[in-house]
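Asker: Here's a structure for you.
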2 protein chains.
Amino acid sequence: MAEKKLVEAITSMDEDFAQWYTDVVKKAELIEYTSVKGCMAIKPYGYAIWELIQKQLDERFKETGVENVYMPMFIPESLLQKEKDHVEGFAPEVAWVTHGGLTELQERLCVRPTSETLFCDFYKNDIHSYRDLPRVYNQWCSVVRWEKETRPFLRSREFLWQEGHTAHATMEEAEERTIQMLNLYADFCEEVLAMPVIRGKKTDKEKFAGAEATYTIEALMHDGKALQSGTSHNFGDGFAKAFGIQFTDKDNKLKYVYQTSWGMTTRLIGAIIMVHGDNSGLVLPPRVAPVQIMIIPIQQKKEGVLEMAYALRDRLSGFRVKVDDTDKSPGWKFSEQEMRGIPIRVEIGPKDIEAGRCVICRRDTREKIEVRLEELEEKADEILEQMQKDMLERARAHRDAHTSVATNMAELEDILNNRPGFVKAMWCGDQACEDQIKEKFAATSRCMPFEQEHLSDTCVCCGKPAKKMVYWGRAY
Amino acid sequence: MAEKKLVEAITSMDEDFAQWYTDVVKKAELIEYTSVKGCMAIKPYGYAIWELIQKQLDERFKETGVENVYMPMFIPESLLQKEKDHVEGFAPEVAWVTHGGLTELQERLCVRPTSETLFCDFYKNDIHSYRDLPRVYNQWCSVVRWEKETRPFLRSREFLWQEGHTAHATMEEAEERTIQMLNLYADFCEEVLAMPVIRGKKTDKEKFAGAEATYTIEALMHDGKALQSGTSHNFGDGFAKAFGIQFTDKDNKLKYVYQTSWGMTTRLIGAIIMVHGDNSGLVLPPRVAPVQIMIIPIQQKKEGVLEMAYALRDRLSGFRVKVDDTDKSPGWKFSEQEMRGIPIRVEIGPKDIEAGRCVICRRDTREKIEVRLEELEEKADEILEQMQKDMLERARAHRDAHTSVATNMAELEDILNNRPGFVKAMWCGDQACEDQIKEKFAATSRCMPFEQEHLSDTCVCCGKPAKKMVYWGRAY
């Protein structure tokens, strides 16, 4: 009865994807809503996923020479205003602190929506000579953007992220770092999150406030909508000029630095849910699964069963492993393990023990594999590796099957309305065409991919000569 | 010339301890001041120390069943006001957000000074049955307190910390967790930071706003002032009643939970500086040193020297090790290594190579030890272990030598003015005596230590019968 309820409680993906997402987020115990409008509480299971993301991303950062720092969470209004495009982009969506204790502040402070201005203010006094360059700093923190409509992980007023901010002696070096970090993000998504992404450049319309160029990785969710999953910006010397960040170069001349910034957020957890999840709940790639193996004893009151479950757990200690020894029924435990997306479960009961085997069940395919006990570690490792690979390939196949080509507006409209997914189409480079597509079809240019293709000679919108192939789509 | 400047730039500890502290914090490149009044930027070297603290503390937490979560950074005013003592304690020193974007908020939000109210609001909906207990949650985040006077690490408007918040079925279990975490903190300070601490209970006057009991660890700085280094609070069911956090117990009755909270902060970095530092700069305990071994090549332009330095680095890869291969002079490099408190330096030059040896110099004692190259790893390990132990013992000896006993006000005054340090004295338990001591001598009760002694029969202040032995002191 109770078991039925647990399963019934998830809306089917095909029926209502948005409700399915909310159900999974809640039932898998990732977050809870709070009394603070638009802000969520990240629960232990959700936070454990974030910790695994942080750890693996941070290791990759450090291999490229990134150093972590911490800047204040407040930005004085005058500082935010120093770079014109930047303040225009962010001022409408920041939270303002006006009082400290009982006293009104002389100058308002905003809670950082992003920290370019703080890093610039810091670098201005920190960088003097070419010997001080490059600076490759990053911070892990939370930021605030006063969004009107919010959804757990995807868009909330406060979210967790990392933001890298670098300073370089030359534009070439800044561009190189911008691309390096974008590729690092893309590789991370593919290798750790099993999530294929399109790497490309944003159009001017879609780039970051104050950036000269914004690069992006775009992933396709199960429902055919795109999710911007990480961005990397090249600022040229725009911020350096606005903030006066200069250094004495080897030729003894005073020059402005070139800067970049790049970030990924807790939004990635939303991406994992929407790329891999199914109607039984979450499906976690093994590399970010807080529990990789759940051992579920069958007829656990029978002599020797629990002991064997614990013994297997000890043998599997090289993995993130748990035994579900609660007094729930095995069926209920299976449902919970599935809802939480735990990659494999090991079923072990009296008959298995007698036969010297157990059953491994893969979360993604539900395949059941009989394994001899003495081979358990080896098999578990093999299956987790295979699952990590298969999940990436399955997501790639889904994305490719949901990527179409349009050569004119009629085709574009037809695809957007009937075949949700990415649409590849040529573009003349004129913002008016982007505006028109957005207005008519609520679709945006996701990126100009690094891997360009020649699909036709003319712009999908205006019919003028095409300059770039663009990925279009409806997006979160 | 330049080398002289580096050394000259530090004020002597004995001349001006406060200035020495500021010099070390800046010259060791731990922090930088920012345009945001009262907030500091933590630079890579300072943040790397914090990462090592975090990692080792978090591991110890998790061994006791702690789970990490993340709560919003904002607290609606009405939520902050739910527990009377708590709001009185914190409202005067919080930052208030009044506008989101261009809109004035209907209700002000404060930036969390601590998150009891948010956790209570969460637990209220999260806890239903005794099966949900205990809840042992923690978060790593930054908090804001609108301090008037600030000093790097010791007191700043924003600081980094961890805050644990737990809920239990019984008062006994809450008390047990409160003490468990205090002991975990104390062990961490002693074993990792090489910093001895007094474990004890705060008087009612000094306890946390809203707590039934506050426990503290108190450390003695080199200048004889005390530093509260971690606290653990037992709230009883006070917050639970204010927030309505109830659960159905095994006996099917509805009961209030019992709660605790406990925290340590970036203040610990200030403690490390002031416990271990000397007139050459920082001295870091090996377990929290971002670089444990700095290899400094002598006559590095001579053939084979740099190669050998790199070869030694590779052999020492089990440690946090670096080679200083910059074009500075060895003397300059020594000064920098000392300023940054790097535990050991390895000097290697042409003569050493010829003789098949190198010189290890310990940062704390400046002892120089000749080591045969084939023994390097083993010796380095031994010396780091020994240094970690010696630093604790030296700090303990310093503390013991700066702990006095007073039996009356004249003695107390004499000691506080002439022998800076802890003063042990008996107390009647009356707050009036604490007030008087604070007013007359600017000293506070640091704690009623777990290890009580009977020093005299009467209160140091009023002469009435004594109830408790108290550690008194001037404090940061």
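Asker: If you go through the range A:410-424 one residue at a time, do you hit one that is hydrophobic (A, V, I, L, M, F, W, C), over 18 Å from A:Lys205 (Cβ atoms) and open to solvent by 60 Å² or more (accessible area, probe 1.4 Å)?
Answerer: Among the residues of the range A:410-424, at least one is hydrophobic (A, V, I, L, M, F, W, C), over 18 Å from A:Lys205 (Cβ atoms) and open to solvent by 60 Å² or more (accessible area, probe 1.4 Å), which makes the answer yes.
Asker: Out of the range B:360-376, which residues are assigned to a helix (DSSP H, G or I) and loosely packed, with under 15 Cβ neighbours inside 10 Å?
Answerer: Result: B:Glu374, B:Glu375.
Asker: Quick one: B:Trp427 ticks every box in (1) in contact with a Cys (Cβ under 6 Å, 6 or more places away or on another chain); (2) open to solvent by 50 Å² or more (accessible area, probe 1.4 Å) bar one, so which box is it?
Answerer: (2)
Asker: Out of the residues in the range B:98-138 that are more than 9 Å from chain A (Cβ to nearest Cβ) and small (Gly, Ala, Ser), which is surrounded by the most Cβ atoms within 10 Å (Cβ to Cβ)?
Answerer: Looking at residues that are more than 9 Å from chain A (Cβ to nearest Cβ) and small (Gly, Ala, Ser), I get B:Ser115.
Asker: Within the range B:57-77, track down each residue that is outside any helix (DSSP H, G or I), more than 10 Å from chain A (Cβ to nearest Cβ) and at negative phi.
Answerer: The answer is B:Thr64, and nothing else.
Asker: In addition: Could you tell me whether the range B:97-107 includes any residue that is under 28 Å from B:Lys55 (Cβ atoms) and among the charged types (D, E, K, R)?
Answerer: No: zero hits.
Asker: Among the candidates A:Phe208, A:Phe119, which residue alone is touching a His at 6+ places or on another chain (Cβ under 8 Å), of a type in the set (Phe, Trp, Tyr) and modelled with pLDDT under 95?
Answerer: Unique residue meeting the criteria: A:Phe208.
Asker: Right, here's the next one. Within the range A:303-331, track down each residue that is assigned to a helix (DSSP H, G or I) and either free of Cβ contacts under 8 Å to residues at least 40 places away in the same chain or closer than 25 Å to A:Pro285 by Cβ (or both).
Answerer: Within the range A:303-331, A:Leu306, A:Glu307, A:Ala309, A:Tyr310, A:Ala311, A:Leu312, A:Arg313, A:Asp314, A:Arg315, A:Pro330 meet the criteria.
Asker: Take A:Gly341 and decide whether it is in contact (Cβ under 8 Å) with a residue 24 or more places away in the chain, closer than 21 Å to A:Glu385 by Cα and surrounded by 17 or more Cβ atoms within 10 Å (Cβ to Cβ).
Answerer: When the stated conditions are applied, A:Gly341 passes them.
Asker: Hey, among B:Glu88, B:Glu67, which residue is acidic (Asp, Glu), open to solvent by 50 Å² or more (accessible area, probe 1.4 Å) and under 22 Å from B:Phe247 (Cα atoms)?
Answerer: On inspection, the qualifying residue turns out to be B:Glu67.
Asker: Check off (1) crowded, with 20+ Cβ neighbours inside 10 Å; (2) over 24 Å from B:Ala28 (Cα atoms) for B:Gln292 and give me the number that stays unchecked.
Answerer: Of everything listed in (1) crowded, with 20+ Cβ neighbours inside 10 Å; (2) over 24 Å from B:Ala28 (Cα atoms), B:Gln292 misses just condition (2).
Asker: Also, I was wondering about something else. Out of all the residues in the range B:41-56, which are buried (at least 21 other Cβ atoms within 10 Å of the Cβ) and away from chain A (no Cβ under 12 Å)?
Answerer: Matches in the range B:41-56: B:Ile53 only.
Asker: How many residues are within 15 Å of B:Val423 (Cα to Cα), in contact (Cβ under 8 Å) with a residue 40 or more places away in the chain and surrounded by 21 or more Cβ atoms within 10 Å (Cβ to Cβ) if we restrict to the range B:449-468?
Answerer: 2
Asker: Also, quick follow-up: May I ask you to list the residues in the range B:139-175 that are polar (S, T, N, Q) and away from every other protein chain (no Cβ under 12 Å)?
Answerer: B:Gln162, B:Thr166, B:Thr170, listed by residue number.
Asker: Can you run down the residue pairs with Cβ atoms below 8 Å, 6 or more apart or on separate chains, where the first is in the range B:117-130 and under 14 Å from B:Ser261 (Cβ atoms) and the partner is among the basic types (Lys, Arg)?
Answerer: Once the first residue is under 14 Å from B:Ser261 (Cβ atoms) and sits in the range B:117-130, its partners that are among the basic types (Lys, Arg) give B:Thr117/B:Lys82; B:Leu118/B:Arg112; B:Cys120/B:Lys82; B:Tyr123/B:Arg135.
Asker: I would also like to ask the following. With (1) assigned to a helix (DSSP H, G or I); (2) aliphatic (A, V, I, L, M); (3) over 19 Å from A:Asp85 (Cβ atoms) as the list, and A:Leu118 as the residue in question, which single condition is left unmet?
Answerer: (3)
Asker: Separate question: Restricting to the range B:391-439, and then to whatever is small (Gly, Ala, Ser) and part of a helix (DSSP H, G or I), can you tell me which residue is nearest to B:Gly277 (Cα to Cα)?
Answerer: Taking the candidates together, the pick is B:Ala395.
Asker: Further question on the same structure: Is it the case that the range A:78-97 has a residue that's more than 22 Å from the chain's Cα centre (by Cα), more than 9 Å from every other protein chain (Cβ to nearest Cβ), aromatic (Phe, Trp, Tyr) and part of a helix (DSSP H, G or I)?
Answerer: no
Asker: Next up: Taking the stated definitions as given, is A:Phe208 more than 14 Å from chain B (Cβ to nearest Cβ) and not polar (S, T, N, Q)?
Answerer: Answer is yes for this residue.
Asker: Is it the case, given these coordinates, that B:Val94 is without any contact (Cβ under 8 Å) to a residue 60 or more places away in the chain and either out of contact with any Gly (no Cβ under 7 Å at 6 or more places or on another chain) or crowded, with 21+ Cβ neighbours inside 10 Å (or both)?
Answerer: It is true that B:Val94 is without any contact (Cβ under 8 Å) to a residue 60 or more places away in the chain and either out of contact with any Gly (no Cβ under 7 Å at 6 or more places or on another chain) or crowded, with 21+ Cβ neighbours inside 10 Å (or both).
Asker: Scanning the range A:25-40 for residues that are away from chain B (no Cβ under 11 Å) and among the basic types (Lys, Arg), which turns out surrounded by the most Cβ atoms within 10 Å (Cβ to Cβ)?
Answerer: Within the range A:25-40, the match that is surrounded by the most Cβ atoms within 10 Å (Cβ to Cβ) is A:Lys27.
Asker: If B:Trp20 passes every condition in (1) more than 14 Å from chain A (Cβ to nearest Cβ); (2) in a loop (DSSP other than H, G, I, E, B) but one, which one does it miss?
Answerer: The failed condition is (2).
Asker: Mind checking which residues of the range B:372-419 are under 20 Å from B:Ala442 (Cβ atoms) and under 21 Å from the mean Cα position of the chain (by Cα)?
Answerer: Once the filter is applied, which keeps residues that are under 20 Å from B:Ala442 (Cβ atoms) and under 21 Å from the mean Cα position of the chain (by Cα), the range B:372-419 yields B:His402, B:Thr403.
The values are calculated or read from the model by the stated rules, or taken from the named source; none is laboratory data. Values in this document were obtained by computation on a predicted structure and should not be read as measured data. Reconstructed Cβ throughout: ideal geometry from the backbone, glycine too, with neighbour counts over all protein chains shown. Note: areas computed on protein heavy atoms with side chains; ligands, DNA, RNA excluded. Shrake-Rupley method; radii C 1.70, N 1.55, O 1.52, S 1.80 Å.
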